[in-house]
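For reference, the structure is listed below as structure tokens.
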Amino acid sequence: MAAAGKHVGRYLQRNSRLLLNNTEQWGSKRSFSCSAVLQQHAALADKDSTESIVIPRKKTWSKEAVLQALASIVKRDPTAYPYQFQDDPYLYPRTSTELRLFSVSQESGRAAAKYFVNSHPKFFTKDFAEPHIPCLMPETVTLRLEEVSEEALKERISLRKVKAAVDLYDQLLQAGTAVSMETTHELLDLISLYNDREPVQEWGPQTEDTRQPEEGLKRKRERYRRASDVVQMTWRENNNAERIFNVLPERDSKCYSALIRGMVKHGAHAKAFSMYTDMLNNRMSADVHIFNALISAAPDVKDKYVEKWEAITELLNQMSQQKVQPNLLTFNAVLKALWHCGSMAKSIALDTLNEMKALGIVPSLASYDHILAIFYKPSNVLQSYTDILQELMSEMAGSSFTCRDPDDALFFSTAMRICLDRKDIELAYRVQSLVEAGENWRLLGDSFQQSIYYGRFFHLLCKMEHIDVVLQWYRRLVPSLYYPNPQGVLELLQALETDGRLDLLPAIWRDIRTIGHDNKLDLVEEVLNLMVREKHSAEVQESFAECALDIKSVFDRDRGRPRVEWRVSSLTHVTSLLLRANKTQPAWEMLKLFKSKNRVPPEELMEDFLSACEREGAPQLAVELLELSAAFCLPGTRQLAQRTLAEFNLSEEQRAKVTELESAGGSSD
């Protein structure tokens, strides 16, 4: 046993020496690479030990981040009503008229609530909203500083108290207190902006001279191409702005800027140029705001097209001499002024747009809208105009715009009008794709402008596209974005007729009732006329008959909405549709309406009704039909009696009655 252990020990000793030698040889072969790696790790360890560890700061999210994330994944529901009406199902508007009425009512209620909140802020001191919503809290509208000081004057200016600010300024001058030039600039800006009148508060009651009905505003938007062109208040002569300006011991360019911009805004264009000349005589340089205002007013102070452009060119040269850098509104003012320069404006407009891009100024939608207004005239439609719009759409494809000019909201309506006049559906799709890019839909304007845009788009679809495509867009736009007017519904009906899809008329009629156009007699007549024009399968005729009965209920309603008066054509069409669906008894009730409404049925309808009586084997109803025909003194009564005698199995009493009616019809002839 001891010998065995001795042999094992010698074996381990010999093998351990061999393993050690092999390890040393392997280490000598790998010594260079191992040492480099080890040195690199050692250097990094030494570097980390000398540098301090920087812990990254915690990411701070805004309080609205979760709401914004949720809103980004929510898409528009095409079957839902506009979002602003979804709080109360009772206020779902069905027509464009109701949309305007409910929108105005909602704004009126919001203004009334805001008026109460701002008039009695002591009742609304607690804020429970998280995150804070400033528009729900009372505004600071009461004066807190009563002493005569410049701080009190600044407070009145910030609260837009025009009369109070002017009175306090006069008190400061009478007390011999100097007012800083910065505060004077703000006061002149306030007076000039509101033309020395108290501004109408958004939440306050409107005065009689500033109140305008909504319908009047809509007509003005249609009559004038730009609502901003309508001068509502003229510049008051020798107002407080001019008075304060004249008594200033020192005047700078900002003082002139306030008056010049106010004069241009309120229609005193010639006086604005006179004020500008006086500023130049005093060796002062104008700012970009002065030039923008004068450029927009230049066409109104000259008569001829060449003189208008020379006045604009002179202002641009003076900008260059005074080293005033133009901005976006400068070029937009030039393009807008070119409307009044006749045919010479077309070449100048493109050069203006190129110069704009050369200076690194990105055009806004208003810039492109002015270009279209210059090149496109509805009375003189040329292919080149459409080519210009195509070039603009290629340049803007996929871009997302923000509002940088008040006229930005007018571009899409103008572009779609060109597409409609040119009947270019492909170009209309490109315009619509630009609307859907990003949040460009916000630049469609108010609800009135949106209805104009989508109305033009839908009209073009009905004229140019297949009915299946039209219906896809119809379900996509109505009622979430567009409430079709009667003309739009008529064009949809014409599209159904063109593509032979009259079987969809009952479904369209249900939509007509939903959107509240069932009281338009011409529209109801068109639906009946299309349904009665051709004969269809039994299933389709059954649906037409149900639709006809629903239309009859529109004529029969007694109260609520205005009634629709029966015409001979309406009575005839409804009766014919009922006869084609073998609804003889309801059709007979319709024939009775002819007499109660003092209408005379056509002879073709009487013959069709007699044929229906024959199919159903109703001789008594045929006899009553003859009596009704004789009561109307129809010339075809004798022919109806002869058919009745030949085609029906009559009793002796019925035959005698028919014979009597036949002879009576012959004598009347």
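Taking the square root of 5 times each eigenvalue of the Cα gyration tensor, what semi-axes in Å does the equivalent ellipsoid of region 432-560 have, largest first?
29, 18, 11
Give the carbon-plus-sulfur fraction of the accessible surface of region 237-375 in %, rounded to a whole number; probe 1.4 Å, heavy atoms of protein chains only.
Details: 3060 of 6280 Å².
Result for region 237-375: 49 percent of the exposed heavy-atom area is carbon or sulfur.
For region 109-121, just list the computed ³J(HN,Hα) in residue order, Karplus coefficients 6.51, -1.76 and 1.60, θ = phi - 60°, integers in Hz, with x standing in for Gly and Pro.
So the Karplus estimates, Gly and Pro as x, are x, 5, 5, 5, 5, 5, 4, 5, 5, 6, 7, 10, x Hz.
Pick out, in residue order, every one of the trypsin sites (Lys or Arg not before Pro) in region 400-483 that is DSSP loop and has at most 15 other C-beta atoms within 10 Å; say none if there are none. Provide the component values of the computation, followed by the final result.
On the way: sites: 404, 417, 422, 423, 430, 442, 456, 463, 475, 476; in loops: 404, 423.
Taking region 400-483 and a limit of 15 other Cβ atoms within 10 Å, the loop trypsin sites (Lys or Arg not before Pro) found are 423.
Quick one: what are the phi-derived ³J(HN,Hα) couplings along region 103-108, Karplus 6.51/-1.76/1.60 with θ = phi - 60°, whole Hz, x for glycine and proline?
Per residue, the Karplus-derived 3J(HN,Hα) values read 5, 5, 5, 5, 5, 5 Hz.
Got a sec to turn the phi values of region 616-631 into Karplus ³J(HN,Hα) couplings, 6.51 cos²θ - 1.76 cosθ + 1.60 with θ = phi - 60°, whole Hz, x for Gly and Pro?
Once θ is set to phi - 60°, the couplings for region 616-631 become 8, x, 10, x, 5, 5, 5, 5, 5, 5, 5, 4, 5, 5, 5, 5 Hz.
How about region 506-577: which GluC sites (Glu not before Pro) there lie in a loop by DSSP and see at most 14 other Cβ atoms within 10 Å? Could you put the intermediate results ahead of the total?
On the way: sites: 525, 526, 534, 539, 542, 546, 565; in loops: 534, 565.
Hits after loop and neighbour filter: 534, 565.
Along Cα→Cβ, 7 Å out, is where each label goes; now give me the distance between the ones at residue 122 and residue 177 in nm to one decimal.
2.8 nm
List, in the order given, every pair from 63/126; 265/323; 254/336; 58/126; 336/377 whose Cα-Cα distance in the structure shown is over 23 Å. Write down the numbers at each step before the final one.
Numbers: 63/126 19 Å; 265/323 25 Å; 254/336 25 Å; 58/126 32 Å; 336/377 15 Å.
Pairs exceeding 23 Å: 265/323; 254/336; 58/126.
Under 1.5 on a/c is rounded, so check that first for region 555-669, then, if it is not, pick prolate when a/b is larger than b/c and oblate when it is not; a ≥ b ≥ c are the square roots of the alpha carbon gyration tensor eigenvalues.
Values: a/c = 2.50, a/b = 1.72, b/c = 1.46.
In terms of gyration-tensor shape, prolate.
Estimate the FRET efficiency between residue 600 and residue 390 by the formula 1/(1 + (r/R0)^6), using the beta-carbon distance for r and 56 Å for R0, to the nearest 0.05.
Values: r = 57 Å, r/R0 = 1.02.
After rounding to 0.05, the efficiency reads 0.45.
Applying 1/(1 + (r/R0)^6) with R0 = 60 Å to the Cβ-Cβ distance of residue 253 and residue 539, what FRET efficiency is obtained, to the nearest 0.05?
That pair, residue 253 with residue 539, gives E of 0.15.
Of the accessible area of region 588-633, with the probe set at 1.4 angstrom, what percent is carbon plus sulfur? List each step's numbers first, then the result.
Values: 1030 of 2210 Å².
Of the solvent-accessible surface of region 588-633, carbon and sulfur hold 47 percent.
Got a sec? What order do 72, 543, 576 fall in by accessible area at 1.4 Å, biggest, i.e. largest, first?
Numbers: 72 80, 543 40, 576 20 Å².
So, going from the largest accessible area down, we get 72, 543, 576.
So which aspartates and glutamates can residue 302 reach, going by Cα to Cα under 14 Å and dropping same-chain residues fewer than 8 places off?
310, 314
For region 408-507, which GluC sites (Glu not before Pro) pass both filters: DSSP loop (anything but H, G, I, E, B) and at most 11 other C-beta atoms within 10 Å? Intermediate values should be presented prior to the final figure.
Working: sites: 426, 436, 439, 465, 491, 497; in loops: 439, 465.
Qualifying residues, ordered by number: 439.
How do 234, 330 rank by accessible surface area computed with a 1.4 Å probe, from largest to smallest?
The residues order as 234, 330, largest area first.
Please calculate how many Å² of accessible area region 371-514 carries per residue, with a 1.4 Å probe and no DNA, RNA or ligand atoms counted.
41 Å²
Evaluate the distance, in nm, between pseudo-label points positioned 7 Å from the Cα of residue 237 and of residue 129 along their respective Cα→Cβ axes.
Placing both labels 7 Å along Cα→Cβ, they lie 4.8 nm apart.
Enter the accessible area per residue of region 564-623 (Å², integer; probe 1.4 Å; all protein chains in place).
On the way: 2620 Å² over 60 residues.
Roughly 44 Å² per residue, with all protein chains present.
The values are calculated or read from the model by the stated rules, or taken from the named source; none is laboratory data. Just so it is clear, the structure is predicted and the values come from calculations on it, not from any experiment. Virtual Cβ from ideal backbone geometry, glycine too; neighbours counted across all protein chains shown. Areas reflect the complete protein model, heavy atoms only, side chains present, ligands, DNA and RNA absent. Shrake-Rupley method; radii C 1.70, N 1.55, O 1.52, S 1.80 Å.
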